[in-house]
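Inspection log for the structure reproduced underneath, given as structure tokens.
The values are calculated or read from the model by the stated rules, or taken from the named source; none is laboratory data. Owing to the predicted nature of the structure, the values given are computational and were not obtained by experimental measurement. All Cβ positions, even for glycine, are placed from backbone atoms using ideal geometry, and neighbour counts span all protein chains on display.
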Amino acid sequence: MASLPRARESRTEDPDRGADAAVISLRGAALAYGERVLWQDLDLDVRPGEFLAVLGPNGSGKTSFVRALLGQRPLSAGTLTVLGRPPSKGSRHIGYIPQQATLSEHAMLRARDLVRFGIDGHGFGPRLRTAAVRRRVDEVLESVGAAAYADVPVGLLSGGEQQRVRVGQAMATDPRILLCDEPLLSLDLHHQRAVTELVDARRRSHNTAVVFVTHEINPVLGLVDRVLYLARGSYRVGTPDEVLTSEAMSQLYGTQVDVVRVRGRITVVGVPDEVAEPPHHPELPHGVRP
């Protein structure tokens, strides 16, 4: 399948540019399940401090894209490097915020325990209960506004409170990349804003690259540098103004699609139904299950 015309990268591609070198790089990348191609011919660089929103209908391969970056799903073709190396599971340099997963109210896992998994859950052997680790956990909980319920079982927290803790868990090791897989699902507007502000604050203060998968662009529209829109085995990449247009969307879907902008909000109308992606459940640390 021939790839569609794409917006050109705004920055020169040079892996030797030091601090500005791409932290994520894909060349000719493709991902398929059997004969069903989710996306292909994907060329993309994500640089430090960039906020990339990943959009597309169900079945377009958004979550699979994150899984590839996490080293959980090999590409079907092409190359992928993360921080200059092939992706691997459990990297301390990558923070992961999963989709909302409901924990049993009877689970004994506390908010501070979940954050601690983000610090020492990347290695093996017994966890050292050092004063330094405890201080770091407290610092992280304070930074995401979760200190007040640090010792409360996670299953008793609201959805918004749980996502605050998961943001803290993802940021606990000072990652260079934050991968956010639909972190706003099932949250009200207040908590959507709180979560996006925490992610953006981290991006701005530490020059952390953000890959943010979402069904809805509007909660993050003011933060986004570029959009990767996946659909029908192909993609479009560029700024929101380049990608989210009636012309670009119609070309991507091969049928008339209208992009309506009203009072700063964007609505895409007329998108064909897609097949659901293969089942995926967010992975929690050390066998903790939703």
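Yes/no matrix, rows are residues, columns are (1) touching a strand residue (DSSP E or B) at 6+ places or on another chain (Cβ under 9 Å); (2) closer than 20 Å to residue 49 by Cα; (3) assigned to a loop (DSSP other than H, G, I, E, B):
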site: 169; (1), (2), (3): yes, yes, no
site: 174; (1), (2), (3): yes, yes, yes
site: 190; (1), (2), (3): no, no, no
site: 194; (1), (2), (3): no, yes, no
site: 200; (1), (2), (3): yes, yes, no
site: 205; (1), (2), (3): no, yes, no
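Kindly establish whether residue 210 is part of a loop (DSSP other than H, G, I, E, B), in contact with a Phe, Trp or Tyr (Cβ under 7 Å, 6 or more places away or on another chain) and in contact (Cβ under 8 Å) with a residue 40 or more places away in the chain.
For residue 210, the condition - part of a loop (DSSP other than H, G, I, E, B), in contact with a Phe, Trp or Tyr (Cβ under 7 Å, 6 or more places away or on another chain) and in contact (Cβ under 8 Å) with a residue 40 or more places away in the chain - is not met.
Tally the residues that are crowded, with 20+ Cβ neighbours inside 10 Å and within 20 Å of residue 261 (Cβ to Cβ), restricting the search to the range 197-218.
So the count comes out to 2.
Does residue 37 fit the bill of being among the aliphatic types (A, V, I, L, M) and either touching a helix residue (DSSP H, G or I) at 6+ places or on another chain (Cβ under 6 Å) or buried (at least 19 other Cβ atoms within 10 Å of the Cβ) (or both)?
No; evaluated as a whole, the condition is false for this residue.
Only one residue in 131, 147 is touching a helix residue (DSSP H, G or I) at 6+ places or on another chain (Cβ under 8 Å) and over 19 Å from residue 99 (Cβ atoms). Which one?
The unique qualifying residue is 147.
Given the conditions (1) in a loop (DSSP other than H, G, I, E, B); (2) under 21 Å from the mean Cα position of the chain (by Cα); (3) over 19 Å from residue 63 (Cβ atoms), and given that residue 160 satisfies all but one, which numbered condition is not satisfied?
(1)
Among the numbered criteria (1) over 25 Å from residue 62 (Cβ atoms); (2) of a type outside the set (D, E, K, R); (3) crowded, with 20+ Cβ neighbours inside 10 Å, which one does residue 147 miss?
With (1) over 25 Å from residue 62 (Cβ atoms); (2) of a type outside the set (D, E, K, R); (3) crowded, with 20+ Cβ neighbours inside 10 Å applied to residue 147, the lone miss is (3).
Could you please find all residues in the range 177-189 being within 21 Å of residue 68 (Cβ to Cβ) and surrounded by fewer than 20 Cβ atoms within 10 Å (Cβ to Cβ)? Full working, then the answer.
Residues of the range 177-189 within 21 Å of residue 68 (Cβ to Cβ): 177-183, 185.
185, the sole residue that qualifies.
Mind listing just one residue for me: the one in the range 114-148 that is in a helix (DSSP H, G or I) and of a type in the set (Val, Ile, Thr) and, of those, modelled with the lowest pLDDT?
Across the range 114-148, the extreme among qualifying residues is 119.
Give the residues of the range 55-89 that are within 19 Å of residue 167 (Cβ to Cβ) and assigned to a loop (DSSP other than H, G, I, E, B), sorted by residue number.
Correct list: 70 only.
From the list 111, 53, which residue is of a type in the set (Gly, Ala, Ser), buried (at least 20 other Cβ atoms within 10 Å of the Cβ) and modelled with pLDDT of 95 or more?
53
Within the range 56-78, how many residues are crowded, with 17+ Cβ neighbours inside 10 Å and of a type in the set (S, T, N, Q)?
Looking only at that region, the number is 3.
Mind checking which residues of the range 214-242 are in contact (Cβ under 8 Å) with a residue 12 or more places away in the chain and among the small types (Gly, Ala, Ser)?
Correct list: 231, 233, 234, 238.
Within the range 83-93, identify whether any single residue is without any contact (Cβ under 8 Å) to a residue 60 or more places away in the chain and touching a helix residue (DSSP H, G or I) at 6+ places or on another chain (Cβ under 7 Å), and answer yes or no.
yes
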